[in-house]
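Let me begin by presenting the structure, written as structure tokens, before commenting on it.
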Amino acid sequence: MTELQVLSHIAVSGKGDELIDVRNLLQLVKLGVVLSGSKRSVFWHLYHAIGKLRKCLRSLSIRVTELTSNEEDDNMNIEEAPLIHPKYLQKLKISGLKYGLPSWIKKLDVLTKITLHMTFITDDDFKFLGELKSLSCLRLQRESCNENTLTFKKDAFQSLKFLDIECSAITSIKFVKEASPMLKKLVWSSTREQSLSGIEDLPSFRELKLTGIFDLQSVEQAMAANKNKPILVANPINA
């Protein structure tokens, strides 16, 4: 049992006792948990387990279904839970965590892929994601973001190669000059009108896949202006 390397869909509820034995799986590479119950308790046990597995864990999935809280819990920042961050973590998926992204993500120096779903991230969260120096793949799924506009700025997302957006709240994506120098592919699906600017200046860009309501002519012009002559796959939806 202690040699187990993959453990998925572990239901954690109540006091989080289900994670007590997980802490001892010191060869665990991939962990997936589904959280419900007391907010304070489940996060305390989860973070304690992650800390114990910090040297072996490479992939982590956290899905929150329903957390109960009392007045004390509502005033608690989940950062109060003890965590020694998993320094070798490469992949992270978070779903249903509506309290903002945990700040310990900033310390994940080798994190290459992050997927967010129902996280309602703010502009501040987006900014610190842009500071992750090894992040090459970012997926923003349904209800992952509160912001209507994502602006990729110079010196942010320096290693990003693949961007996948499926969040209808996002209606505008802007790349300023010298932003995202490694970005090769953008996939963007939305049911709302989309505005995209700056792709003509992306130095490594190779492919754009758009599904939604957009100005096809302006997109084609921007793609033609990119020195790499990237591929455009357009799937327009009638407004």
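Things worth noting here:
- By the helix-only formula, in which each DSSP H run with n ≥ 4 contributes -39500 (n - 2.57) and the sum is divided by residues, the chain has a 222 nm mean residue ellipticity of -4000 deg cm²/dmol.
- Computed over the stretch 6-236: relative contact order in percent, which uses C-alpha pairs under 8 Å that are six or more apart: 11 percent
- Applying a threshold of 23 Å to the alpha-carbon distances of K39/K98; K87/K209; K15/K91; K98/K174; K55/K127 flags K87/K209; K15/K91; K98/K174; K55/K127 as lying beyond it.
- In a reduced charge model with +1 at each Lys and Arg Cβ and -1 at each Asp and Glu Cβ, the stretch 199-239 shows a dipole moment near 160 debye about its Cα centre.
- Rounded to the nearest 20, the size of the Cβ-charge dipole of the stretch 6-236 about its Cα centre is 1140 debye, with Lys and Arg at +1 and Asp and Glu at -1.
- Between 0 and 90°, nearest 10: helix 39-52 axis offset from the chain longest Cα axis: 90 degrees
- Annotation for the stretch 96-146: trypsin sites (Lys or Arg not before Pro) lying in DSSP loop with at most 14 further Cβ atoms inside 10 Å of their Cβ are K98, K133, R142.
- Unit charges at the beta carbon, dipole of the stretch 6-236: most positive-side option, F120, F157, V6: V6
- The trypsin sites (Lys or Arg not before Pro) of the stretch 148-187 meeting both criteria, a DSSP state outside H, G, I, E and B (loop) and at most 16 other C-beta atoms within 10 angstrom of the site's C-beta, are K153, K177.
- Computed E for L7/D155 - FRET, C-beta separation, R0 35 angstrom, nearest 0.05: 0.40
- Taking the charge dipole of the chain about its Cα centre, with +1 at Lys and Arg Cβ atoms and -1 at Asp and Glu Cβ atoms, the residue from L108, N238, S95 reaching farthest to the positive side is L108.
Read-outs: derived from the displayed coordinates by stated rules, not from any lab. Note that this is a predicted model, so its numbers are computed, not measured. Neighbour counts run over all protein chains shown; Cβ positions are idealised from the backbone, glycine included.
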